[in-house]
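Below is one structure; the comments refer to it alone.
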Amino acid sequence: MAKVILEHLKRKFNNVTAIEDISFEIPDGEFWVLVGPSGCGKSTILRTIAGLETITSGKLFIGDRLMNDIPARQRDVAMVFQNYALYPHMTVAQNIAFGMEMRKVNPKMIQERVKTVARSLSLEHLLDRKPKQLSGGQQQRVALGRAIARQPQLFLLDEPLSNLDAQLRDDTRAELKQLHQQLGITTIYVTHDQVEAMTLADQIVVLNQGKIQQIGEPQSVYTLPANQMVATFLGNPPMNILSAIYRGDNFDIGGQLLAIPKDLRQRLRLSSGQRVNLGIRPEHIKISNSEVNLQQSKLLVEVKLIEPLGRETLIRVGLFDSLGLLNVQVAGIVRSHPGDNLNLQLDMNQLCVFNPSTGERMFPIF
Ligand code: ATP
C-alpha cells in the first residue's frame, strides 16, 4: 500500500496537451475517482501512473519513490482496463494465480489467495472454467480477481464496470467497495459514470480538458461545485442553470421576479443590476399549490414532459420568457400533463450563484 503524489504532471502528444499541471496527493489506502467528459485526460493520468505513458514534465511519486523513470513492471501496480484481457487457454484459477506465479509467490499462498479472492467475488464455482465459458460480467470479475490476488501497493482501474449490464454493474460496484474496505489498498478509479464516482470515492477529482476542476468528497463536490462545469457534470439530471439579473430584493429571470429571502440577500454580496447564473438542483425545486405570489421564491412555468420513474417523477418545464428547460425532480407521482402551468418553489437555501463570464461559483463562498 502506498500514497501517490502527482506534482505538476503534464503529458503532451505532439501538439495535443492531454493533461496539464495535474497535482494531488492520495493518502495511503484511499479510494480516489477521476471523472470527467470523454477526452478530459482521465486515462492518460492513470496510464502515466502505471508507467505506460512517459511524463512530459512534473513528478510522480508512489510511496516515497520518484517513479518518473521507473519501468511499469517495477512499480508494483495492478491495472484493470475496460477491455480486460484474460488468458484464453488458462482456467479461472490459473488466470487469478498468474500474476502471483510471475512474482514467484509461494505455491501454497497462491492457492489460498485464489480461494479467498474467488470467494469474495463469487467465482468459487467457476474456478475450473476457461474464459470463453464465462459471461462478460464473470470475465470482468476474474480480471479484477487477478489484480486483487497480487495484492499490489496500488490499484488502477480504468472503467472496469462499463462492459457489464445494469444489474451486474450495481452488484460489482458494491463488491468493489466492500473489497476496498477489507483490503485497504490505495485505488485510483477512472469513470465517466457519476453514480460510480459518488458511491465509491473517498475523494473525487473532476477533470475537464486536461485540467483539474475540483477535488473533494463526493457530497461536497455535489453540493458546492467549484464552477458550472462541475455543477452540470455531476448529478443526473444535472444542476439547472438560470440566467438572471440581481435586483436587490429579487432575481429577474426572463421577466419573472424570484424573491430573495432577507437573510440570503445579506449574504449574497451582489450589486444591483449584476448578471449572474443561478444553479439549483432538480431535487431542490417543489411544485407549489398556492397561487403565484411574488413575495415568495416562485416561478411560473409550463410543463413540457413528464417522466414517471416509480419512486419519483422527473418533470421538464419551460420558463415562459426564457429559453431552455428546467429539470424538476419530485417524490411520488405527479398528476400533470404537457401544456399545464405550474408554480415552482425553489429552496433558496440550496442556491448556487455562478459568474456568467468565468463559470466560477460566487456563492456560497467558502
Ligand atoms: P475517455 O473517457 O473517452 O476514455 P479520457 O478522459 O480517458 O477519455 P484520454 O484518453 O486521457 O481521455 O485522452 C486525453 C486527450 O489526449 C484526448 O484529447 C486524446 O485525444 C489525447 N490522446 C490520448 N492518447 C493519445 C495519443 N497516444 N496520441 C495523441 N493524442 C492522444
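The values are calculated or read from the model by the stated rules, or taken from the named source; none is laboratory data. On a predicted model such as this, the values are computed, not experimentally measured, just so you know. For neighbour counting, all protein chains shown are included, and Cβ atoms are generated from backbone atoms with ideal geometry for every residue, glycine included. Heavy atoms of the whole protein, side chains included, go into the accessibility calculation; ligands, DNA and RNA do not. Shrake-Rupley method; radii C 1.70, N 1.55, O 1.52, S 1.80 Å.
Residues in the stretch 150-160 that are closer than 21 Å to Arg119 by Cβ and either hydroxyl-bearing (Ser, Thr, Tyr) or surrounded by fewer than 24 Cβ atoms within 10 Å (Cβ to Cβ) (or both): Arg150, Gln151, Pro152. Summed over the stretch 13-28, residues that are more than 14 Å from the ligand (Cβ to nearest atom) and open to solvent by 50 Å² or more (accessible area, probe 1.4 Å) total 4. Figure legend. Inter-residue proximity from the stretch 38-65: first residues on the phi > 0 side of the Ramachandran plot and touching a residue at least 24 places away in the same chain (Cβ under 8 Å), second residues among the basic types (Lys, Arg) and more than 15 Å from the ligand (Cβ to nearest atom), beta-carbon distance below 9 Å, spacing 6+ or different chains. Indicated pairs: Gly51/Arg73; Gly51/Arg75; Gly63/Lys3.
Applying the set (1) open to solvent by 50 Å² or more (accessible area, probe 1.4 Å); (2) under 30 Å from Glu20 (Cα atoms) to Tyr222 leaves exactly one unmet item: (1).
What tally of residues in the stretch 105-130 results from selecting those that are in a loop (DSSP other than H, G, I, E, B) and either open to solvent by less than 80 Å² (accessible area, probe 1.4 Å) or not basic (Lys, Arg) (or both)?
Step one: filter the stretch 105-130 for residues in a loop (DSSP other than H, G, I, E, B), giving 105-106, 121-123, 127-130.
Pick out the ones that are also either open to solvent by less than 80 Å² (accessible area, probe 1.4 Å) or not basic (Lys, Arg) (or both) and you get 105-106, 121-123, 127-128, 130.
Looking only at that region, the number is 8.
For the stretch 1-38, give me each residue that is polar (S, T, N, Q), in contact with a His (Cβ under 9 Å, 6 or more places away or on another chain) and within 17 Å of Ile55 (Cβ to Cβ). Talk me through it step by step, then tell me what you get.
Going residue by residue through the stretch 1-38, those that are polar (S, T, N, Q) are 14-15, 17, 23, 38.
Retained after the next criterion (residues that are in contact with a His (Cβ under 9 Å, 6 or more places away or on another chain)): 23, 38.
Within the stretch 1-38, Ser23 is the sole residue that qualifies.
Of the residues making up the stretch 178-219, those that are open to solvent by 70 Å² or more (accessible area, probe 1.4 Å) and in contact (Cβ under 8 Å) with a residue 60 or more places away in the chain are Gln182, His192, Gln209, Lys211.
Could you pull out the residue among Ile70, Ile62, Ile96 that is open to solvent by 10 Å² or more (accessible area, probe 1.4 Å) and at pLDDT 90 or above?
Only one candidate qualifies: Ile70.
For Gln139, the criteria (1) buried (at least 16 other Cβ atoms within 10 Å of the Cβ); (2) away from the ligand (no atom under 16 Å from the Cβ); (3) in a loop (DSSP other than H, G, I, E, B); (4) free of Cβ contacts under 8 Å to residues at least 60 places away in the same chain hold in every case but one, which is (3).
Of all residues being outside any loop (DSSP other than H, G, I, E, B) and open to solvent by less than 50 Å² (accessible area, probe 1.4 Å) in the stretch 1-12, which is nearest to the ligand (Cβ to nearest atom)? Just the residue, please.
As a first pass, look at the stretch 1-12 and keep what is outside any loop (DSSP other than H, G, I, E, B): 4-12.
Among the residues that remain, those that are also open to solvent by less than 50 Å² (accessible area, probe 1.4 Å) are: 4-6, 9, 11.
Working: Val4: 17, Ile5: 20, Leu6: 14, Leu9: 12, Arg11: 8 Å.
That would be Arg11.
Name the pairs: first residue in the stretch 13-27 and of a type in the set (S, T, N, Q) and part of a strand (DSSP E or B), second residue open to solvent by less than 80 Å² (accessible area, probe 1.4 Å) and away from the ligand (no atom under 15 Å from the Cβ), Cβ to Cβ under 6 Å, at least 6 apart or on different chains? Close Cβ pairs (under 6 Å, with a partner that is open to solvent by less than 80 Å² (accessible area, probe 1.4 Å) and away from the ligand (no atom under 15 Å from the Cβ)) amount to Ser23/Glu7.
Scanning the stretch 29-54 for residues that are open to solvent by 30 Å² or more (accessible area, probe 1.4 Å) and under 25 Å from the mean Cα position of the chain (by Cα) gives Glu30, Pro37, Ser38, Gly39, Ser43, Arg47, Leu52, Glu53.
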